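Undergrad: Shown below is the structure under consideration.
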Number of protein chains: 2
Amino acid sequence: MKVAKTIKEAQSAVAEARRAGRTIGLVPTMGAMHQGHFSLIERARGECGFVAVSIFVNPTQFGPNEDLGAYPRPVEADLAGCEARGADLVFVPSVEEMYPRESVTTVAVKRLTDTLCGRTRPWHFPGACTVVAKLFNIVLPDKAYFGAKDFQQAVIVKRMAGDLDFPVEVVVCPTVREADGLAMSSRNAYLTPQERKQATALSGALRLAERMIRQKRPPAKQVIEAVRRHIAADAPDGAIDYVQIVDPYELRDVEKTDPPVLVALAVKFGKARLIDNALVDSGPARS
Amino acid sequence: MKVAKTIKEAQSAVAEARRAGRTIGLVPTMGAMHQGHFSLIERARGECGFVAVSIFVNPTQFGPNEDLGAYPRPVEADLAGCEARGADLVFVPSVEEMYPRESVTTVAVKRLTDTLCGRTRPWHFPGACTVVAKLFNIVLPDKAYFGAKDFQQAVIVKRMAGDLDFPVEVVVCPTVREADGLAMSSRNAYLTPQERKQATALSGALRLAERMIRQKRPPAKQVIEAVRRHIAADAPDGAIDYVQIVDPYELRDVEKTDPPVLVALAVKFGKARLIDNALVDSGPARS
């Protein structure tokens, strides 16, 4: 496994693989990897001849009072984890390498970024889209892998890639969960033991919402209220940022809950802001 | 010479050339080609193994009351001109091919787009940058060729490519002029015979500015006034949009005229809006 710290090193490793006729898979991450990340690498490993993983805590997608400084950066463990899953290249650039001078260019996605996480974190998606565009241009992947836990991000990146004709297929992989249902996230590390217990309320509330929708398709408002009550009861230390039910393509709020719909929520526990979602499609319920 | 109407056709022609180890040159145009465009194709021909020309009158870079409908589209003549200069591929997509559904993504460049032409045409550069990003992603050129007549566009595209790590070298080629000094432009076709005569005032005023700067480096304000007076005298039917002197990298207005500086102007004659510029560098005067 090659570790590249510069854009040039990464490009030359990828170029060599491309010349050898291998398809290129990219897994963009901010590091602090857990089984969610590893599942993306494993999926890429199964589908591509060359798997590149990027680890970059991108400052432009953090807000002024967010956890940029505190975000965990266990680089050695991440590299070992990538190697164990068969990555060919890990690209670990510095901030100076990615932003060597004032960047004046932003890739902006309208509308899809105004809802859900974009409401309280308006800086997030412009920053994320711009760095993903940069990574696409550096690695020129045939396929890029994103997790469904960040459903809105996946929808936005997919749309951006389509609108700008990036020659990449955006692959969205299922959320990986702890045994008790909590969606894996690097930010779970911020939780106190008590918050950690309460945090299962997020996936619990989503399962409740899914059951309600599958059984009776009640108005979205009613499902949202039930989700909020569930979280208030099971996670008294959690502060709900949003609970929304949207169509999974345009992310517009729906009134009726005819599948497919996405139930998405964000809850803060102290300094940890956790997100989770459930896509309720028209297929049979998954236990 | 291959003519591709779809993105897929263009991509497959380019992919074949790339597999054959040829460097890819792209000349993005809006068609209505003149010797300025042809000089870009000739330059690309000399430097690249495969020359792609795109012809696309991009609606998103025109304002609501601009000349999108009237913009000349002499496709047959353009194709013949491209073939005569040795282009390998001409990509002539329809609007539906480039924008098959509502595009929500924009590539925005800050600050550099707020001055010069961006002041009166704020929609122009976001539209142009976005379509250039699309063309870069479709063709994946090693080099892309732009004319110095659209100096601000060239600076912005160069910066965008750098900021987003597009693996392309942006090559800026000299403005091509008519015998009487008028910069070649597809929009010169809009001029009445009388306006056409007066339009030489643009290049005349720029030569005057260059002489003043080379001789005495007067304050920018003084040069701008002289340019305005020259245009008012020689082109009474022209309405000046702007005359500015800026540094040629960041496009910030300068007070002193120490080279290198860019003298740039836009003048309207009826429905034709003409632009021109002169880069006054620290080398010896060019006749």
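Undergrad: Counting only other chains, what is the mean number of Cβ atoms within 10 angstrom of the Cβ of each residue in peptide B:106-117?
TA: 3
Undergrad: Calculated FRET efficiency, B:R111 and A:D281, Cβ-Cβ r, R0 45 Å, to nearest 0.05?
TA: According to the calculation, E is roughly 0.50.
Undergrad: Along Cα→Cβ at 7 Å, what distances in nm separate the B:S12 label point from those on the other copies, shortest first?
TA: Relative to the other copies, B:S12 has label-point distances of 3.6 nm.
Undergrad: Is the shape of the range A:126-224 rounded, prolate or oblate, going by the alpha carbon gyration tensor and its root eigenvalues a ≥ b ≥ c, with a/c under 1.5 for rounded and a/b larger than b/c for prolate?
TA: oblate
Undergrad: Now for a separate question. How many partner chain Cβ atoms sit within 10 Å of a residue's Cβ in peptide B:128-140, on average, as a whole number?
TA: Average neighbour count from other chains, rounded to a whole number: 3.
Undergrad: Straight distance only, please: which lysines reach the Cα of A:K221 with their own Cα at less than 21 Å, same-chain residues fewer than 8 apart left out?
TA: Filter leaves A:K256.
Undergrad: What is the ratio of the Cα radius of gyration of the range A:2-173 to 2.2 N^0.38 Å, with N the residue count, to two decimals?
TA: The value comes to 0.98.
Undergrad: R0 = 35 Å: FRET efficiency of B:Q194 with A:E96, Cβ-based, nearest 0.05?
TA: The computed FRET efficiency comes out at 0.05.
Undergrad: Where in chain A are the DSSP H helices whose C-alpha atoms run 20 Å or more along the long axis and whose mean Kyte hydropathy is at least 1.0?
TA: For chain A, where a helix must reach 20 Å along its axis and average at least 1.0, the hits are A:124-139.
Undergrad: Residues of the range A:250-283 with amide nitrogen under 11 Å from the 7 Å Cα-to-Cβ point of A:R229?
TA: none
Undergrad: Across peptide A:157-169, how many C-beta atoms of other chains are within 10 Å of each residue C-beta, on average?
TA: Mean number of neighbouring Cβ atoms from other chains: 5.
Only the coordinates and a few stated rules stand behind these numbers; no lab work does. Everything numeric in this text was worked out from a predicted model, so none of it was measured. Cβ coordinates were reconstructed from backbone atoms using ideal geometry, including for glycine residues, and neighbour counts include every protein chain displayed.
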